[in-house]
1. Could you list all residues from segment 240-296 that are in a strand (DSSP E or B) and within 16 Å of ligand 2 (Cβ to nearest atom)?
2. Say whether the condition of being under 25 Å from residue 93 (Cα atoms), in contact (Cβ under 8 Å) with a residue 12 or more places away in the chain and either more than 16 Å from ligand 2 (Cβ to nearest atom) or surrounded by 13 or more Cβ atoms within 10 Å (Cβ to Cβ) (or both) is met by at least one residue in segment 164-178.
3. As an exercise: evaluate residue 93 against (1) part of a loop (DSSP other than H, G, I, E, B); (2) buried (at least 19 other Cβ atoms within 10 Å of the Cβ) and give the number of the one condition it does not meet.
4. Keeping to segment 22-56, report how many residues are closer than 17 Å to residue 268 by Cβ and touching a helix residue (DSSP H, G or I) at 6+ places or on another chain (Cβ under 6 Å).
5. Are there any strands (runs of 3 or more DSSP E) wholly within segment 96-191 with 3 or more residues that are more than 16 Å from ligand 1 (Cβ to nearest atom), and if so which?
6. Take the residues in segment 65-85 that are crowded, with 19+ Cβ neighbours inside 10 Å and either outside any strand (DSSP E or B) or within 14 Å of ligand 1 (Cβ to nearest atom) (or both), then tell me which one is farthest from the chain's Cα centre (by Cα).
7. Among the residues of segment 8-35, count how many are surrounded by fewer than 21 Cβ atoms within 10 Å (Cβ to Cβ), touching a strand residue (DSSP E or B) at 6+ places or on another chain (Cβ under 7 Å) and in a helix (DSSP H, G or I).
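Values in this text are rule-based calculations from the coordinates and carry no lab data. This is a predicted model, so every value here is computed, not measured. Positions of Cβ are backbone-derived with ideal geometry, glycine not excepted, and every protein chain shown enters the neighbour counts.
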Ligand code: FES
Ligand SMILES: [Fe+2]
């Protein structure tokens, strides 16, 4: 049976992106940042993921806590920077309401008398936080299944092989395409011969395979003699983890609206890693090549001549899995699903 692709409108309609925020991104474990940036009480990292401004903090008991970075007064931000340290509490940047690091409203600063005002009704909106091998993930659904369930296939693959963790180098790239165009491009090796000629010389493209295990895609790439072995994995919905020449390249493919994707790469490496420069150069070259094709595809999806194509059973099983998973999320996310991911769920403390 011929497998058709998802319709073009899914890649350009802002209403679809709004639906994906609720049905996909509000229900999945999303990469947030590095646990190494959260060593002491009050250390925080902040990111906007799929349009949700979020903050994760190390609380006084040593636990990681996550919240929407949204004050309950008039929606001001609790923290203004991407990372930093707050002195034992959040002080909203707008009018100075103060919250404990576990999310309770400590003081509605200088609010004045107000009948019926109960601070317990104004705690921060919580999100779930879990760390895995030094990487911090959040889930807007506080009742989500544990992160370790999602990542079990990677744990089996990695065993006790540790990630390099000493130093982090960050590079961001803005790509003018829908996040799904970039993800789907990542999920197949079919384009390697055409788009990545230098990579094609290093791997046996004829034996390239993508294996799905649960919500993880694992690229099986036999290297030609003398080329570096790599691990190329992807985790639903938008994270790639690549271990290449002893550098871990963390690649979140973050949607910024329907037609823009930001890649916020982090390269984790040990200082003595000789392969760092080569790993970065390779990664940047591959990204440039993928950016070129993804932007052209986005342009063509928006042109109005193409609606649906066909997927190769030989090469595009990962894309097929992704499109089926997406449709399942969008179809299931229209009703009951939203209730559990609504930020107000579980807000009273
Ligand atoms: S919006 Fe936070 S104190 Fe006013
Ligand atoms: Fe590519």
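1. Of the residues in segment 240-296, the ones in a strand (DSSP E or B) are 240-244, 247-255, 261-269.
Residues satisfying the conditions are 240, 241, 242, 244, 249, 251, 253, 261, 263, 265.
2. First, pick out the residues of segment 164-178 that are under 25 Å from residue 93 (Cα atoms): none.
Scanning segment 164-178, I find no residue that is under 25 Å from residue 93 (Cα atoms), in contact (Cβ under 8 Å) with a residue 12 or more places away in the chain and either more than 16 Å from ligand 2 (Cβ to nearest atom) or surrounded by 13 or more Cβ atoms within 10 Å (Cβ to Cβ) (or both), so the answer is no.
3. That leaves (2) as the condition not met.
4. 1
5. Working: elements: 98-100, 105-107, 126-132, 135-139, 167-175.
Fully inside segment 96-191 and qualifying: 126-132, 135-139, 167-175.
6. Restricting attention to segment 65-85, the residues satisfying the condition of being crowded, with 19+ Cβ neighbours inside 10 Å are 65-72, 78-79.
Now narrow it down to the ones that are either outside any strand (DSSP E or B) or within 14 Å of ligand 1 (Cβ to nearest atom) (or both): 67-72, 78-79.
On the way: 67: 16, 68: 16, 69: 17, 70: 20, 71: 24, 72: 26, 78: 22, 79: 20 Å.
Taking the candidates together, the pick is 72.
7. Of the residues in that region, 1 qualify.
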